[in-house]
1. For Ser169, indicate whether it is of a type in the set (Gly, Ala, Ser), in contact with a helix residue (DSSP H, G or I) (Cβ under 7 Å, 6 or more places away or on another chain) and part of a helix (DSSP H, G or I).
2. If Asp297 meets every condition in (1) surrounded by fewer than 19 Cβ atoms within 10 Å (Cβ to Cβ); (2) in contact with a Ser or Thr (Cβ under 9 Å, 6 or more places away or on another chain); (3) at pLDDT 95 or above apart from one, which number is that one?
3. Quick one: which helices (runs of 4 or more DSSP H) sit completely within the range 282-385 and have at least 1 residues that are under 23 Å from Leu48 (Cα atoms) and not acidic (Asp, Glu)?
4. In the range 190-207, which residues are open to solvent by 10 Å² or more (accessible area, probe 1.4 Å), farther than 10 Å from Ala376 by Cβ and outside any helix (DSSP H, G or I)?
5. Which pairs turn up if I take residues in the range 214-232 that are over 21 Å from Pro292 (Cβ atoms) and touching a residue at least 24 places away in the same chain (Cβ under 8 Å) and look for partners that are crowded, with 16+ Cβ neighbours inside 10 Å and among the aliphatic types (A, V, I, L, M) with beta carbon separation below 7 Å, at least 6 apart in sequence or on another chain?
6. All but one of (1) open to solvent by 10 Å² or more (accessible area, probe 1.4 Å); (2) farther than 25 Å from Tyr273 by Cβ; (3) outside the structural domain of Val125 (by the TED database) hold for Asn326; which doesn't?
7. Please note which strands (runs of 3 or more DSSP E) are completely contained in the range 98-151 and include at least 2 residues that are in the same structural domain as Glu317 (by the TED database), at pLDDT 95 or above and under 21 Å from Gln86 (Cβ atoms).
Amino acid sequence: MKKVKKVLSILTATALVATLAACGGTSDKDSGAAAGGDGGDKLKKITLFQSKVEITEPLEALVKTYKEETGNEVEVWGAAGDAYSQQLVAKLSSNQGPTIFSVAPGPESEKLKSYFSDLSGEEYVKNIAPDMELKVDDKTVGVPYGVEGFGLVYNKDLVDPANMKDLDSFTKTLEQLKADGKNGLSLSQEAYFLIGHIINTPFALQSDPLAFIDQLNKGEVKMADTKEFQEWAKFMDVIKANTKNPLEVKYDSQMGDFATEKTAMVHQGNWSYSMLADFGDFGSKVGMMPFPLAGNDKIAVGVASYWVVNNQADAEEVKAANAFLNWLFTSETGKKAIVDDFKFIPALTNIEAGDLDPLSQAVHEATTKGETITWALNYFPSGIITNDLAPATQEYFMNPGMTGEQFLQKLDEVWAKASK
C-alpha cells in the first residue's frame, strides 16, 4: 500500500520535484558566475516559495551552492504541503509575495496569471522542449520543472506495436491474448489509473483541448456527441470484454502481474518502472507506445508544475530571479544535479537525459522531438476525476449490461453536475 500512496503522490506532484531538487552537483564557478551572476555583478537578494516539503533541505543546499558560485543570495520559504496554495495567495494579495514561486497548470495558474512576468525574452526559455512552457496570451511565463508521460506500457515479447495502430488491431490483439490465457491490458482501481489517464486521450486529440473543456463545462458540447469519445467508448468496451475487471486490481498487483508476464500491457507512465525494477532488469523487454485512439501515434506528456517570476517584484528582483533560473538551467552544476542526483526527465533540450530507464527514455525522446499529446486532464474541474469520473467508471465496470455509449452519457451527466 505504501507503494501505491507513493506513486499517487507522484502523479500530482512528481514534476514539482524535478527542478527544485537540483541540489549539490559538481561546482563550476566560472560557468556558474556567468550564468547566475550576470557577468559577476552583485544582484539583489530574492525569495523563492515552493510547496514540496520533502525537498526543503536539498533546495537550501542548492541556493548555498548558487551563492558560492555567483555571490548572489536566494532565500527559500517553505510551506506545509496542502497549505501552499492558500499561503501563496495570501502572500501575493498582501503584496508580500516571493520573487519566484511554483504553480500547477490549469485552474491554479489561471487564477494567478496576473502575477506572472513575461519570460519570453530570457535566454534559458529558448531551451524549453516544444509545447512544454506555460503560456499566457502567447507569452512564455513559466518554466517546467520536468516532464512525465504515460501510454501503453508493453512487454515486447507479447505485443508488437506495429499491430496496435487502431481500434480493429487493438481489438484483435486483446482477443488473441485472452485466447492465449493472458490479460491483454490492465487498468487498476485507483482513480487516475482507472479513468483519469485513459480518458485524457480523446480530450488531447481535440483541435483545442482547453477550449473543448471550457465548452464542456458550459454545457455547449457533449462527449457522447464527439467522434473521438465515441470511438474511445468502443475501446473501453473492448477492454471490458477482454481483460480482468480493474475494480479487482490494485496498482501493486497490476505491476506484479505485468512483471511476471500474466499481463501483456498496462496503461501507465514512466513512474511505473520503479516498481518493475523490484522484479529485476526489464530494460530490454519493456516499452511504451501510444494509446491508438483515432490513429494516435503520440505519448501523453505533461508538466505538473512550473517556475514563475512575480511581476509585482521590483525590477532588480526580477533581474536577479531570471539570473538564478538561468543558472539553474544552464550551469553545469544545475544541469548535472537535475539529472544525475535526482534522476528526473529534463524538460529543457539543453540538458542531457543521462542514464534513463527505458520508459523515461521513451518519454524524453518524445518530448525533445515534440511528438506528444497534452495532459488535458490538468485542466479538468478540480477534483472531478476522483469525485465524479471514477465512481461513474466503477459503475460501468460493475454493470455487465452497461455499454460504452451509456457510459459516455453517464460521464456527461456527472461532468455537468461537477462543473456547475
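The values are calculated or read from the model by the stated rules, or taken from the named source; none is laboratory data. Here the structure is a predicted model, which is why all the values come from computation and not from measurement. No Cβ is skipped: glycine too gets one built from the backbone with ideal geometry, and neighbour counts run over all protein chains shown. Areas reflect the complete protein model, heavy atoms only, side chains present, ligands, DNA and RNA absent. Shrake-Rupley method; radii C 1.70, N 1.55, O 1.52, S 1.80 Å.
1. Numbers: of a type in the set (Gly, Ala, Ser): yes; in contact with a helix residue (DSSP H, G or I) (Cβ under 7 Å, 6 or more places away or on another chain): yes; part of a helix (DSSP H, G or I): yes.
It is true that Ser169 is of a type in the set (Gly, Ala, Ser), in contact with a helix residue (DSSP H, G or I) (Cβ under 7 Å, 6 or more places away or on another chain) and part of a helix (DSSP H, G or I).
2. Going through (1) surrounded by fewer than 19 Cβ atoms within 10 Å (Cβ to Cβ); (2) in contact with a Ser or Thr (Cβ under 9 Å, 6 or more places away or on another chain); (3) at pLDDT 95 or above one by one, Asp297 breaks only (2).
3. On the way: elements: 315-330, 332-336, 358-369.
Of the helices (runs of 4 or more DSSP H) lying wholly inside the range 282-385, those with at least 1 residues that are under 23 Å from Leu48 (Cα atoms) and not acidic (Asp, Glu) span 315-330, 332-336.
4. Of the range 190-207, the ones open to solvent by 10 Å² or more (accessible area, probe 1.4 Å) are 190-192, 204-207.
Filter again for farther than 10 Å from Ala376 by Cβ, leaving 190-192, 207.
Of everything in the range 190-207, those that are open to solvent by 10 Å² or more (accessible area, probe 1.4 Å), farther than 10 Å from Ala376 by Cβ and outside any helix (DSSP H, G or I) turn out to be Glu190, Ser207.
5. Qualifying pairs under 7 Å: Ala224/Leu408.
6. (3)
7. Details: elements: 100-103, 134-136, 139-144.
Qualifying strands (runs of 3 or more DSSP E): 100-103.
Yes or no, residue by residue, for (1) buried (at least 16 other Cβ atoms within 10 Å of the Cβ); (2) of a type in the set (Lys, Arg); (3) over 29 Å from Gly142 (Cβ atoms); (4) at pLDDT below 95:
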{"residue": "Gly354", "(1), (2), (3), (4)": "yes, no, no, yes"}
{"residue": "Phe397", "(1), (2), (3), (4)": "yes, no, yes, no"}
{"residue": "Pro400", "(1), (2), (3), (4)": "no, no, yes, no"}
{"residue": "Trp415", "(1), (2), (3), (4)": "yes, no, no, no"}
